[in-house]
1. Considering Cα pairs under 8 angstrom that are at least six residues apart, work out the relative contact order of region 177-261 and quote it in whole percent.
2. With each label point set 7 Å from Cα along the Cα-Cβ vector, what nm distance links Ala58 and Thr81?
3. Taking Cα centroids, how far is region 233-261 from region 119-188 in Å?
4. Average the reciprocal distances over every distinct pair of alpha-carbons in region 75-199, invert the result, and give the Kirkwood radius in Å.
5. Solvent-accessible area per residue for the chain at a 1.4 Å probe radius, Å²?
6. Could you tell me which trypsin sites (Lys or Arg not before Pro) in region 42-99 are loop residues by DSSP with no more than 15 other beta carbons within 10 angstrom of their beta carbon?
7. Run a plain Debye calculation on the chain (Cα atoms as equal point scatterers, no solvent) and give log10 I(q)/I(0) at q = 0.08, 0.16 Å⁻¹, rounded to two decimals, same order as the q list.
8. Among the aspartates and glutamates, select those whose C-alpha is under 19 Å from the C-alpha of Lys106, and discard any that sit fewer than 8 residues away in the same chain.
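The values are calculated or read from the model by the stated rules, or taken from the named source; none is laboratory data. This is a predicted model, so every value here is computed, not measured. Neighbour counts are summed over all protein chains in view; Cβ atoms, including those assigned to glycine, are modelled from backbone coordinates with ideal geometry. For accessibility, only protein heavy atoms count, side chains too; no ligands or nucleic acids. Shrake-Rupley method; radii C 1.70, N 1.55, O 1.52, S 1.80 Å.
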Amino acid sequence: MKTNLAKKWVLITGASSGFGAATARAFAGEGSKLILGARRVDRLESVAAECVKLGAPAAVVHALDVGSTPSTDAFAAFVRTQTEKVDVLINNAGGAHGADTVANGKDADWEAMIQVNFLGLLRVTRAILPLMMQNSGSSILNIGSIAGRVAYEGGSVYCGVKAAALQVTKSLRMELCGTGVRVGTIDPGFAETEFSMVRFKGDQAKSDKVYEGTEPLTAEDIAETLVWCASRPPNVCIDELLIKCTDQAAIHKVHRRPVTK
Ligand code: NDP
Ligand code: 8X3
């Protein structure tokens, strides 16, 4: 795909794995300049090196914990040393911690999910918005989830924070009306990344079970979609996009092929 994204500054949070890393590679292929943030800086450095090989004229990284205002503000200060203008902000950092019922919920899991998926989205957006204002045709693309639209058992807090993120997207879209800054949410169903390993705290068997017998979305599917959203003409805003693998017709309606072990 060749687009209008060459030399545009694209900032991606949570770029150390999964959707974020694949998205960095996809924008690099379009010749975009990249600013990548996450907590695992060694991983970010590897992704940035790949991006340069794929054609990014610049790929810079900085530690970012979206769960902390000082860390987010330090990241934004770094961004300002690189550019006065951000063209595409991809709020991707996030994830689920645990799949407990409310009755068995753990404070640490609840707090981590609220910090990263909800407050983190707000913090990063607040810090980067000044670099996007008066920049007609720029895009804020938030990674939501099917979980923000449909609840499931064991998902109360994750579904709750993704639903809250959807409302943040909608508010922001109205707040920025007239500025030319586009705001949209891309809401995937299940995709095979490190998401389930994080959710199940490194339990490979539980993680594999989520995808067993299916052909889930890949990180590259989401990356390609984000490139498409960001490369629409400035008068077009992809406002809300729900994207699921063909095997997932609805949250619990998943086609699974028999697995031979
Ligand atoms: P991964 O676990 O592979 O990636 C999550 C990314 O978020 C990592 O780069 C991680 O980096 C980063 N991250 C987590 N916590 C923080 C933090 N406090 N500060 C900064 N970065 C953080 O999962 P996915 O790629 O699947 O997830 C990306 C987004 O997509 C998340 O928002 C997730 O909720 C959402 N999503 C995922 C779906 C799926 O099925 N996979 C479906 C729908 C939505 P690091 O640990 O280095 O900080
Ligand atoms: C991740 C998708 O269905 O596991 O956001 O919650 S799901």
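1. Numbers: 86 pairs, mean separation 37.7, N = 85.
Rounded, it is 44 percent for region 177-261.
2. The modelled label-to-label distance comes out at 1.3 nm.
3. 19 Å
4. Details: mean 1/r = 0.0651 Å⁻¹.
The answer is 15.4 Å.
5. 46 Å²
6. Numbers: sites: Arg43, Lys53, Arg80, Lys85; in loops: Lys85.
Here the sparse-neighbourhood loop sites are Lys85.
7. -0.29, -1.22
8. Straight-line reach from Lys106, under 19 Å: Glu153, Asp203.
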